[in-house]
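Encoded as structure tokens, the structure appears first; notes follow it.
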Amino acid sequence: MEPNVSISLDVQGVSVRRGEHLLLDNVSFTAKPGEVVALLGPNGAGKSTLFKVVTDGMSADDGQVIFNDKPVNSWDLGERALMLGILPQSSSLNFPFSVSEVVLLGRSPCRSSREENAKVVEKALELVDATHLKERDYTTLSGGEKQRVHLARVLAQIWDESGPGPRLLLLDEPTSALDPAHQHQTLRIAKEFARNNVAVVVILHDLNLASQYADRLVMLCEGKVRAEGTSHEVLTPELLKQLLDIDVCIIPHPVNGYPLVVAA
């Protein structure tokens, strides 16, 4: 069966229980090639748990995760690696690899030549503003530099449209260790990949970054989806007071018009 290119990720009624605690409660949302979907919510809302379920790192007690028309865990690992790029919140690597060698690890599932892999590594490093780091020992980098290198590795993995279905890029708080310039750069990259027929799902805490770069926002609170829609639909003073317990003013960006959230 050919994958349904209109939906790359389809999370259907996912619930996760741990003892008496319901970590996720009937969570559903979709992500399509060409769009950036931001998952938002306070600490403890269930974002990280949802990320683990979507990436097949945790089993759901109810519901299922469909990736390109098949349950995510039913794909052959090699095929899945060509379509699914995952950047967790933190990545540990203690070997003294060069930065280029770390990014090259992302090309492991790909059936391309050594020369082609080297070209992709160069392009990915350039994209994340890390070309000047390529010969550095990875273990000597700062936290933000490591985060950018791992982003390059994940991008290199799904660089080509070579898999059996559309690609999906999952980013868990990819801006957490970055300075403001590289925060915007990272989300511009996500937007650029989306324009190349990639579905992007990103967990963010910064409401204004989500407003600027995401096509759709999914707001989680206490394990449930409490709001979903465009930034204009989700980022309202009433809803943010109700879900995040903060008093805000919403003003239009003076250039682009997207909602800016300002503390009241």
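Rule-based calculations on the coordinates, nothing more; no lab input. The shown structure was predicted, so the numbers you read here are calculated from the model rather than taken from an experiment. No Cβ is skipped: glycine too gets one built from the backbone with ideal geometry, and neighbour counts run over all protein chains shown.
Straight-line cross-link reach from residue 70 at under 26 Å between alpha-carbon atoms covers these lysines, not counting any fewer than eight positions away in the same chain: 32, 47, 52, 191, 224.
Size descriptors for the stretch 1-77, from the alpha-carbon set: Rg then Dmax equal 12.8, 40 Å. Out of every Cα-Cα pair in the stretch 63-212, what percent are more than 19 Å apart? It works out to 52 percent of all Cα pairs. What nm value, rounded to one decimal, do you get for the distance between residue 255 and residue 112 when each label is placed 7 Å out toward the C-beta? Once both label points are built, they end up 3.2 nm from each other. Its residue count N fixes a reference of 2.2 N^0.38 Å for the chain, and the Cα radius of gyration divided by that reference is 1.01. For the stretch 86-164, relative contact order (Cα pairs under 8 Å, six or more residues apart, normalised by length) works out to 47 percent. Fully extending the segment from residue 224 to residue 126, taken as 0.36 nm per residue of separation minus the present Cα-Cα distance, adds 31.4 nm.
Applying the Karplus relation 6.51 cos²θ - 1.76 cosθ + 1.60 with θ = phi - 60° to the stretch 217-229 yields 3J(HN,Hα) values of 10, 10, 9, 9, 7, 6, x, 10, 7, 9, 7, 8, x Hz, where x marks Gly and Pro. Once divided by 2.2 N^0.38 Å, the Cα radius of gyration of the stretch 48-137 becomes 1.31.
Annotation: extensible slack from residue 162 through residue 238 equals 22.9 nm (criterion: 0.36 nm per residue apart, minus Cα-Cα distance). Only Lys, Arg, Asp and Glu carry charge here, each on its Cβ (+1 for the first two, -1 for the last two); on that basis the chain has a dipole of about 300 debye about its Cα centre. Across all Cα atoms of the stretch 134-264, the radius of gyration (one decimal) and Dmax (whole number) stand at 16.6, 50 Å.
Our summary gives the chain a relative contact order of 26 percent, counting only alpha carbon pairs under 8 angstrom and 6 or more residues apart.
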